[in-house]
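Here is the structure we will look at, set down as structure tokens.
The values are calculated or read from the model by the stated rules, or taken from the named source; none is laboratory data. These figures come from a predicted structure and were not determined experimentally. Cβ sites come from the backbone with ideal geometry, for glycine too, and all protein chains shown count toward neighbours. The area values use the complete protein model at the heavy-atom level, side chains included, leaving out ligands, DNA and RNA. Shrake-Rupley method; radii C 1.70, N 1.55, O 1.52, S 1.80 Å.
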Amino acid sequence: QVQLVESGGGLVQAGGSLRLSCAASGSIFRINVMGWYRQAPGKQRELVATITDGGSTNYADSVKGRFTISRDNAKNTRYLQMNSLKPEDTAVYYCYCNARQAVWNSATSDTWGQGTQVTVSS
């Protein structure tokens, strides 16, 4: 199994910054894609940013130019640097990981973190 531990959420004023971390552990042969989704009250969960095994990144249009996702492969950890935060960024942020767990089995599995609250005040 894969476990995800998230950290870095909190309360920040508009224009401020936060850095989210997500560490994957357990049975992991290769992480295919990892990143964050977010969900605000009354809204659907939406993609924020992801990074693939090859280093390709994908960002929601609403965060492009403000958020940066990076990785430390040795630690199976991903980071989301969030700058110029806006009140509309307020949401619960969920780390996501799609991983192949064994060399002998090509099947992959999806894992979600526990979520961390990000609140941006005006």
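Remarks
- Subset of the stretch 92-122 (residues that are of a type outside the set (Phe, Trp, Tyr), under 23 Å from THR52 (Cβ atoms) and surrounded by 15 or more Cβ atoms within 10 Å (Cβ to Cβ)): CYS95, CYS97, ASN98, ALA99, ARG100, GLN101, THR108, THR111, GLY113, GLY115, THR116
- Selection within the stretch 22-52 - open to solvent by 70 Å² or more (accessible area, probe 1.4 Å) and either touching a Cys at 6+ places or on another chain (Cβ under 7 Å) or under 17 Å from LEU4 (Cα atoms) (or both): PHE29, ARG30
- Of residues in the stretch 1-30 being among the β-branched types (Val, Ile, Thr) and over 11 Å from the mean Cα position of the chain (by Cα), the one nearest to VAL103 (Cα to Cα): ILE28
- Whenever a residue of the stretch 8-32 is modelled with pLDDT of 95 or more and of a type outside the set (A, V, I, L, M), its partners that are open to solvent by less than 40 Å² (accessible area, probe 1.4 Å) and outside any strand (DSSP E or B), lying with C-beta atoms within less than 7 angstrom and at least six residues away or across chains, give the pairs GLY15/LEU85; GLY16/LEU85; SER17/LEU85; ARG19/GLY8; SER21/GLY8; CYS22/GLY113.
- In the stretch 51-70, the residues that are under 17 Å from ASN83 (Cβ atoms) and of a type in the set (S, T, N, Q) reach residues that are open to solvent by 50 Å² or more (accessible area, probe 1.4 Å) and part of a loop (DSSP other than H, G, I, E, B) with C-beta atoms within less than 8 angstrom, at least six apart or across chains, in these pairs: THR68/ASN83.
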